[in-house]
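These notes are about the structure you will find just below.
The values are calculated or read from the model by the stated rules, or taken from the named source; none is laboratory data. Just so we're clear, the structure is a prediction, and the values are computed from it rather than from any experiment. Neighbour counts are summed over all protein chains in view; Cβ atoms, including those assigned to glycine, are modelled from backbone coordinates with ideal geometry. The protein model used for the area step is the full one, side chains on, heavy atoms only, and it has no ligands, DNA or RNA in it. Shrake-Rupley method; radii C 1.70, N 1.55, O 1.52, S 1.80 Å.
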Amino acid sequence: QVQLVESGGGLVQPGGSLRLSCAASGSIFSINVMGWYRQAPGKQRELVAVITSNYNTQYADDVKGRFTISRDYTKNAVYLQMNSLKPEDTAAYYCYAVVRPTVSRNTVAYWGPGTQVTVSS
């Protein structure tokens, strides 16, 4: 079993910054992909940013140039630096990881419990 623990959410004014962190622990041989999704009230969960094992990144169009995703392989961690935050960025942010538990097992997708980001004056 793998656990994802997020931190760094909170209340910030428009134009402000936050940094989200997520650490994976448990039965981990390798992690192929790590990333962040978000879900606002009444909306579907959507991709924010993902990063692969060879550092390829993908961002949602509306966060490009404002958000930066990064990984620390030594800590099985992923980070999301969010700058120039807007009220429309308000949502619950979920960490995501595609994990290979052992060398012989298939990959499994895991989700964190979520951390709330609220952008408001």
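Miscellaneous remarks
- Applied to the range 88-98, the Karplus parametrisation 6.51 cos²θ - 1.76 cosθ + 1.60 on θ = phi - 60° returns per-residue 3J(HN,Hα) values of 6, 7, 4, 4, 7, 9, 10, 7, 9, 8, 9 Hz, with x for Gly and Pro.
- One chain, two ends: residue 43 and residue 3. Fully extended at 0.36 nm per residue, the span grows by 11.9 nm beyond their Cα-Cα distance.
- Coupling constants for the range 75-84 follow from the phi torsions by the Karplus curve (6.51 cos²θ - 1.76 cosθ + 1.60, θ = phi - 60°), and in residue order they are 10, 6, 10, 9, 10, 9, 8, 10, 10, 6 Hz; glycine and proline get x.
- The chain, relative contact order in percent, only Cα pairs under 8 angstrom and at least six apart counted: 37
- Probe 1.4 Å, protein heavy atoms only - accessible area per residue of the chain in square angstrom: 52
- The chain - percent of accessible surface contributed by carbon and sulfur, probe 1.4 Å: 47
- If R0 is 35 Å, the Cβ-Cβ spacing of residue 106 and residue 17 corresponds to a FRET efficiency of close to 0.40.
- Length released on extending from residue 55 to residue 88, taking residue separation times 0.36 nm less the Cα-Cα span: 9.1 nm
- Reducing the range 68-121 and the range 2-58 to their Cα centroids gives an inter-centroid distance of 1 Å.
- Nearest-0.05 FRET efficiency for residue 121 and residue 30, computed from C-beta distance (R0 41 Å): 0.45
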